[in-house]
Amino acid sequence: MRSWTAPRVPSLPGAGTPPVLHDTATGSLRSPRLVEGTASLYVCGITPYDATHLGHASTYLAFDTLVRAWTDAGIDVAYAQNTTDVDDPLLERAAATGVDWRELAASQTDLFRSDMEHLAVIPPTHYVAVTDVVTDVARAVTHLLESGAAYRVPTPDGAVDDVYFDVRAAERDTSWHLGLESRLDLDAMTRFSAERGGDPSRAGKRDPLDPLLWRGAREGEPSWDSPVGEGRPGWHIECTVIAAQTLPAPISVNGGGSDLVFPHHEMSAAHGIALTGHRYADVFAHTGMVAYSGEKMSKSLGNLVKVSELVSGGADPRAIRLAVAAHHYRSDWEWFDDDLAAADDRLRRWTTWARAAAVTPVGVAGDSEPAGDLPSALLTRVRAALADDLDTPSALDAVDQAVASGAPATRVDVDAVDALLGVDLRRAVDDRPDPDSMSPLTD
Ligand code: ZN
């Protein structure tokens, strides 16, 4: 599937240090393992039934910072992201609004692409819709049934079978065990399973935590004919299959919001080991939750601050990016309406400072850092901040201090802010791109 238009990323003198990241599975800072010199990243994508809110934006911006830091370190990056374009919440929204589920998914995926373009997020190498891999998922489920890692559970009326993953069989037969990724106890797992799309009380399951692999066809729901029977994929297996198809195993980093720690990433990892015999991911990295009006921003609560609405309301997308980057990706934080004004103020100070780079000739007396040749002091500081678990607040502080110092910006400084923080300072704040000139969004 088409992703979105890539932003221009300037190359920088020298090379950054590959970041260490906090790994949920070990609770420690680790340097993600590369496979044959390539860093691979799988970030769980949206379920396209509502526009990108700041909680999503903070996740995709955090992993965009990782991609930028890896690239700056001279590492090849393979990045895959899915879009869950068939799932219960999408079907429920489509039914409630009288819109065909395919049209809803297509229009909301388009809006997501446009939000990512506005925020200057580097697109994934592979952007994959679940509806494009249904047959592959069915094949994987068949394999799990044959190997004894999955079993069928009929609906109470016996009309259709659903297929579940057998967590106890996986614990017995593979190197995976419950809690390997999440480090949670059983009570917490059961609670999260019920809250986050699982069905611990479903009758007929061997273990309450066994996750759905394949949902048998129901009246009025989309379904596909397949070797497992007519139906559609479960949630966790879709990511496992897409990751296996697009990236080497193990994935260097499996990323997403902290609400995916359990069951989603735990079960994706379990499916991965059961299917391939390999560990699923080397590092599991999770972003904090964003609150608004005192509660976690969520589609179900409706307290959303949407990127598209901020932009159509006149916000400079670079200010949105700066407002998000002012928080460490792992922290939970709350959005306040005046955050945008503060970020806009910062953006204005930075763009005013950056203007000096255009008028300061390269290598003149007083410019001790010939642009294009040597890393500037600011570039070195920003690289160090990002290498330390993507510490964007410290990177922003470093730029603030350079701006406040009174010394003119160099081209390397301006390129560093652009390449590493995704904020192009060459454009003045009120010099907005014409929305009609943006590339048409088509599949
Ligand atoms: Zn996923």
Work out Dmax and Rg for region 292-429 from the C-alpha atoms and quote the Rg first, both in angstrom.
16.6, 59
Quick check: residue separation of His177 and Ser300 times 0.36 nm, minus the Cα distance between them. What number comes out in nm?
41.2 nm
Fully extended contour minus Cα-Cα distance, from Glu309 to Asp389, at 0.36 nm per residue
25.8 nm
Does region 295-336 come out rounded, prolate or oblate, given a ≥ b ≥ c as the square roots of the eigenvalues of its C-alpha gyration tensor, rounded meaning a/c under 1.5 and, failing that, prolate meaning a/b above b/c?
oblate
Please figure out what share of the DSSP beta bridges in region 1-157 is antiparallel and state it in percent, rounded to the nearest 5.
30
Note: Asp88 to Arg139 extended length (0.36 nm per residue) minus current alpha-carbon separation gives 16.2 nm
Per residue, what volume in Å³ does the Cα convex hull of region 41-85 take up?
55
For region 296-363 and region 83-137, what is the centre-to-centre distance using only Cα atoms, to the nearest Å?
25
Hey, rough spin-label estimate for Thr26 and Leu374, points 7 angstrom out along Cα→Cβ, what's it come to in nanometres?
3.7
Over the Cα atoms of region 314-362, what Rg and Dmax result, in angstrom?
13.5, 43
Let me check I've understood the local charge: for Ser394, count other residues with C-beta under 9 angstrom from its C-beta, Lys and Arg +1, Asp and Glu -1. What total comes out?
-2
Rounded to the nearest 5, what % of DSSP beta bridges with both residues in the chain are antiparallel?
45
To the nearest Å², the heavy-atom accessible area per residue of the chain with 1.4 Å probe amounts to 41
Find how many whole Å separate the alpha carbon centroid of region 28-48 from the alpha carbon centroid of region 215-258.
18
Divide by every residue of the chain the summed helix terms, -39500 (n - 2.57) for each DSSP H run of at least 4, and state the resulting mean residue ellipticity at 222 nm, rounded to the nearest 500 deg cm²/dmol.
-12000 deg cm²/dmol
Over all viewing directions the Cα convex hull of the chain casts an average projected area in nm² of 21.4
So, relative contact order of the chain in percent, Cα under 8 Å, 6 or more apart, is 22
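The values are calculated or read from the model by the stated rules, or taken from the named source; none is laboratory data. Values in this document were obtained by computation on a predicted structure and should not be read as measured data. Every residue, glycine among them, receives a Cβ derived from its backbone with ideal geometry; neighbour counts consider all protein chains shown. Heavy atoms of the whole protein, side chains included, go into the accessibility calculation; ligands, DNA and RNA do not. Shrake-Rupley method; radii C 1.70, N 1.55, O 1.52, S 1.80 Å.
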